[in-house]
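Here is the structure we will look at.
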Amino acid sequence: MTATLGTTREIPASAQRGDLKNYIGGEWVAARTDQYLDVPNPATEELLARVPLSGAADVDAAARAARRAFEDWSEVPVPERAAYMFRFREALLDSREELIRLCTTENGKIYSDAAGEVRRGIEVVDFACGMPTLMMGTNLDQISRGIDSELVRFPVGVAAGITPFNFPFMVPLWMYPLAIAAGNTFILKPSERTPLSAVRMAELLAEAGLPKGVFNIVHGAAEAVTELCSHPEIDAVSFVGSARVAKIVYETAARHGKRVQALGGAKNHIIVMPDAVLEPSIENITESAFGNAGQRCLAGSVMTVVGTAADEFLPRFVERADRIKMGFGLDEDVDLGPVIRPDSKERILGYVERGLTDGARMLRDGRDGTPSTGYFVGPTIVEIDPQAEMARDELFGPVLSVLKADDVDGALDLMRATNRYGNAGSIFTSSGKAAREFKRRSSAGMLGVNVGVAAPMAFFPFSGRRNSFFGDLHVTGRDGVEFYTTKKMVTTRWF
Ligand code: NAD
């Protein structure tokens, strides 16, 4: 997890924007508000931009523009729509280095994490380029005497996407390439804490020749989201963020008759068996717990060491965490960036301090030695008991809580009992039997066997469960195509 490429502190112009505008019907227009939030670089605290908090009038303008554009866009032949995605893909690849730097600057993640995010985002565009195949229907000749049946897919209409701060580039890409290639028009409400990657994506889509109004951006926060969930011109809502807001969005948008997919927070368990292969497991779990400063919905948050792993694996793991270097992700040899805002840092440290008061044992103290500028929390490892608040709640920072179990059954029981989420989980082991038990009995939907960040590629669904997902169809993979298409059944008889 060390930044090995492109390590000069060159911040792209696209990360320094002044007051942001909404992107509606192919034009950059000022939001109808005087309320703006600062967007700082979380590693240096330098101001990058100010983001408007749009309201009902702005959402209404975007929804109407998207609806108008839908009339023509849904008539464009599917291979032509896919051709726009091919051109967009080229534009993204040409701007790759700039996009990585932009992502690092606005989010704080280190260069190599941003490079991974950009690569994973572009993979969804690769997938969307296959829309002529993905959107095909099915038919059955002679389903009855002289009667044929045909299933045909159509776009849903206007789709909205509401996204979190932690993957400003990739998470929007989970949504709009598939939505647009399937013939929908799209309104993105990016995180108000990391709105700059979205602005650049709109510019690149325009460069790819996408017709006006097919992709729109409304900046803002809760008010804009509430409007998107209730606006009559919006047919589908995709949300990614915390479980609390995911549930609000799911309920509100469903109440207004929209189809919804709402991905929530996470509390991911890692099980380390006594037969785990030491070195690669240590590296993988270090990346899982502290990569992206722990601000990943797939981050390992609780590590259960089984049997003798407590004596052999754990001390080596703590030593590895001691070697992690904090800093601005565009600087040389930096392993760990900041968390997104001062209040995130305060919240995370609050959990650690309350945990210690309640009897947790500090194995590595990340409160020490942080840079004086920026919102840094060092890698923190704390041994807790299963009843602790830190075992249940999503911390979303570089903090790993350690539990102990006697065997894989005990570790799986802890995984299920201590948390209400079901996003991801990993086991590190050489035993096929333990891995099989884990696969069958784990309460999470995305599982890693000797893989610490079990992120499905774009061709598969991002399969959270329990409080990590509200809805039926996941983002990406076939589920993503299903979500952004509606079916018609045609039954035909010729007299
Ligand atoms: P968040 O829930 O605070 O914000 C997400 C979006 O919701 C933002 O666009 C924000 O403007 C909007 N929002 C915030 N409060 C709102 C409210 N009261 N009403 C309506 N809209 C509101 O999440 P975040 O802090 O930006 O992102 C981190 C969270 O996202 C973590 O919980 C993380 O686990 C989760 N996440 C989940 C996945 C997944 O795939 N399940 C992926 C990435 C992030």
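The values are calculated or read from the model by the stated rules, or taken from the named source; none is laboratory data. Owing to the predicted nature of the structure, the values given are computational and were not obtained by experimental measurement. Glycine gets a Cβ as well: all are built from the backbone with ideal geometry, and neighbour counts include every protein chain shown.
General observations
- Residue among 355, 374, 366 that alone is surrounded by 20 or more Cβ atoms within 10 Å (Cβ to Cβ), in contact with a strand residue (DSSP E or B) (Cβ under 7 Å, 6 or more places away or on another chain) and under 20 Å from residue 108 (Cβ atoms): 366
- Some residue of region 357-375 being within 16 Å of the ligand (Cβ to nearest atom) and either part of a loop (DSSP other than H, G, I, E, B) or within 15 Å of residue 294 (Cα to Cα) (or both): yes
For (1) within 16 Å of the ligand (Cβ to nearest atom); (2) of a type outside the set (Asp, Glu), each residue gets a yes or a no:
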site	(1), (2)
131	no, yes
136	no, yes
143	no, yes
148	no, no
156	no, yes
160	yes, yes
180	no, yes
187	yes, yes
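- When each of 455, 411, 435, 424 is tested for being in contact with a helix residue (DSSP H, G or I) (Cβ under 8 Å, 6 or more places away or on another chain) and at pLDDT 95 or above, the lone residue that passes is 455.
- Subset of region 252-278 [outside any strand (DSSP E or B), more than 16 Å from the chain's Cα centre (by Cα) and not small (Gly, Ala, Ser)]: 252, 255, 256, 258, 273, 274, 275, 277, 278
- Yes/no for residue 382 being under 18 Å from residue 313 (Cα atoms) and within 16 Å of the ligand (Cβ to nearest atom): no
- Of all residues in region 260-286, those satisfying the criterion of being more than 7 Å from the ligand (Cβ to nearest atom), surrounded by 20 or more Cβ atoms within 10 Å (Cβ to Cβ), under 26 Å from residue 165 (Cα atoms) and not hydroxyl-bearing (Ser, Thr, Tyr) are 260, 261, 262, 267, 268, 269, 270, 284, 285.
- Residues satisfying the stated conditions in region 410-447, i.e. surrounded by fewer than 24 Cβ atoms within 10 Å (Cβ to Cβ), over 21 Å from residue 390 (Cα atoms) and small (Gly, Ala, Ser): 430, 431, 432, 435, 445
- Within region 427-449, being in a loop (DSSP other than H, G, I, E, B) and out of contact with any Ser or Thr (no Cβ under 7 Å at 6 or more places or on another chain) holds for 429, 430, 431, 442, 443, 444.
- Some residue of region 308-331 being within 16 Å of the ligand (Cβ to nearest atom), surrounded by fewer than 24 Cβ atoms within 10 Å (Cβ to Cβ) and of a type in the set (Phe, Trp, Tyr): no
Yes/no per residue for (1) under 30 Å from residue 86 (Cβ atoms); (2) part of a loop (DSSP other than H, G, I, E, B); (3) within 11 Å of the ligand (Cβ to nearest atom):
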{"position": "210", "(1), (2), (3)": "yes, yes, no"}
{"position": "219", "(1), (2), (3)": "yes, yes, yes"}
{"position": "229", "(1), (2), (3)": "no, no, yes"}
{"position": "232", "(1), (2), (3)": "no, yes, no"}
{"position": "239", "(1), (2), (3)": "yes, no, yes"}
{"position": "245", "(1), (2), (3)": "no, no, yes"}
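- Those residues of region 464-484 which are under 15 Å from residue 175 (Cα atoms) and not small (Gly, Ala, Ser), in sequence order: 473, 474, 475, 476, 478, 479, 481, 482, 483, 484
To keep it simple, each residue is scored yes or no on (1) over 21 Å from residue 265 (Cα atoms); (2) assigned by TED's automatic domain parsing to the domain that holds residue 120; (3) within 16 Å of the ligand (Cβ to nearest atom); (4) acidic (Asp, Glu).
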{"position": "398", "(1), (2), (3), (4)": "no, no, yes, no"}
{"position": "418", "(1), (2), (3), (4)": "no, no, no, no"}
{"position": "428", "(1), (2), (3), (4)": "yes, no, no, no"}
{"position": "433", "(1), (2), (3), (4)": "yes, no, no, no"}
{"position": "463", "(1), (2), (3), (4)": "no, no, yes, no"}
{"position": "475", "(1), (2), (3), (4)": "no, yes, yes, no"}
{"position": "481", "(1), (2), (3), (4)": "yes, yes, no, no"}
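- Complete set of residues in region 289-330 that are closer than 15 Å to residue 365 by Cα, in a helix (DSSP H, G or I) and free of Cβ contacts under 8 Å to residues at least 60 places away in the same chain: 315, 319, 320, 322
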